[in-house]
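Here's the structure we're looking at; comments come further down.
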């Protein structure tokens with residue numbers, strides 16, 4: 001086998017997702033992933049610590065983009081708008097990976113332990129955003145509420161993006177989802193309004 005391994009990480013990721021989809025996550029081994037990618041197990045472990053990390057490898061980069069964008073937002077920007085800008089920046093990272101994102105989501109949805117790991121990832125991102133907002137002087141509970149709302153917007157926008165019927169780019173869906181949240185929270189009319197005549 002050649003020592004030159006172009007895009008080894010990408011080849012391993014694609015091979016893993018194919019196998020997880022075909023056989024299931026639990027039934028797939030590292031050896032099978034490496035073989036499908038045309039690489040060695042040693043190469044696999046140079047890029048990933050285990051087969052689960054293939055699905056969660058980008059978490060650190062995603063967190064850094066979210067936090068850095070919130071931190072860099074001008075002081076006059078409202079906390080929720082700083083979060084919105086961060087979500088759009090994160091979306092730009094993912095925009096070329098829709099097919100992979102769709103495969104990954106399906107694999108996670110079929111495996112309860114992976115679902116728990118995904119929830120833990122989202123909680124970790126919310127915590128990081130909360131700290132970034134506190135660093136901007138946003139007090140509690142506003143910092144936590146805003147960060148949690150931001151991750152809810154991220155989740156909804158992402159699910160809309162991987163929907164087969166949706167052709168809109170992810171950054172646009174993040175903006176739209178945030179606008180929907182703002183519209184709901186700004187509404188003055190009670191949700192349950194009496195229709196009795198005055």
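The values are calculated or read from the model by the stated rules, or taken from the named source; none is laboratory data. These figures come from a predicted structure and were not determined experimentally. Note: ideal-geometry Cβ built from the backbone for every residue, glycine included; neighbour counts use all protein chains shown.
If only one of 114, 129, 93, 133 is in contact (Cβ under 8 Å) with a residue 60 or more places away in the chain, within 15 Å of residue 60 (Cα to Cα) and in a helix (DSSP H, G or I), which one is it?
Answer to the selection: 129.
For region 34-58, which residues satisfy the criterion of being assigned to a helix (DSSP H, G or I) and within 20 Å of the chain's Cα centre (by Cα)?
Within region 34-58, 53, 54, 55, 56 qualify.
Please state which one of 82, 78, 73, 31 is in the same structural domain as residue 129 (by TED's automatic domain parsing), exposed (fewer than 13 other Cβ atoms within 10 Å of the Cβ) and over 14 Å from the mean Cα position of the chain (by Cα).
Unique residue meeting the criteria: 78.
For region 145-163, give me each residue that is more than 15 Å from residue 84 (Cα to Cα) and assigned to a helix (DSSP H, G or I).
Within region 145-163, 159, 160, 161, 162 meet the criteria.
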